[in-house]
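Taking it in order: structure first as structure tokens, then the write-up.
Every number here is computed from the coordinates shown, using simple stated rules; none is lab data. Source: prediction; values computed, not measured. Virtual Cβ from ideal backbone geometry, glycine too; neighbours counted across all protein chains shown.
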Amino acid sequence: MLPRFQSGVLLLLLLGCREYTSQPPPVDPYERWRFYGLHNYTIDQARICFCAEGGQTMRITVRSDTIASVMKLSDNSAVPHPTSTLYLSVESLFGIVRNPHTDSLVATYNETYGYPETLDINPQLHPVDGGVLYKTSNLQIP
């Protein structure tokens with residue numbers, strides 16, 4: 001029988017961080033994202049294209065996998081609908097990656113959580129208003 005103090009420490013260790021009590025996160029970026037089970041978060045995202053608000057960084061708040069708000073970081077103003085629909089949640093970014101309807105995609109992924117940090121859609125078409133680059137960063141978990 002462990003003394004009360006040692007059993008309490010053991011219990012805290014067993015209930016501690018997920019990384020210590022389960023398998024390491026998967027290597028596949030989408031599976032890694034799903035491993036963490038994040039449904040509520042904020043991200044910063046720039047949509048670089050020949051388009052409205054192109055190149056400006058927005059703060060996107062996601063609740064229950066749905067975008068709740070989009071705010072322009074340069075002046076903290078809310079981005080109104082329909083412009084706000086041009087920005088994507090992590091699940092929506094993965095939707096494009098997993099079901100592409102385009103000629104080409106180039107993506108890089110966050111090492112820790114697996115979300116797409118860059119998603120370049122039809123990069124060869126950028127100069128003629130056909131492609132778009134999403135740059136996503138600064139994942140914050142409430």
Query raised in the report: Taking segment 25-140, how much of its Cα-Cα pair set, in percent, is spaced more than 17 angstrom apart?
Result: 54 percent
Report summary line: Contour minus Cα-Cα span, residue 40 to residue 64, at 0.36 nm per residue, comes to 8.1 nm
Query raised in the report: Ranking 50, 35 by Cβ neighbours within 10 Å, fewest first, what do you get?
Result: 50, 35
Requested in this report: Mind sorting 48, 43 by how few other Cβ atoms lie within 10 Å of their own Cβ, fewest first?
Outcome: 48, 43
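Report the calculated FRET efficiency for residue 138 and residue 51 (r = Cβ-Cβ distance, R0 = 25 Å), to the nearest 0.05.
Working: r = 22 Å, r/R0 = 0.87.
Approximately 0.70, to the nearest 0.05.
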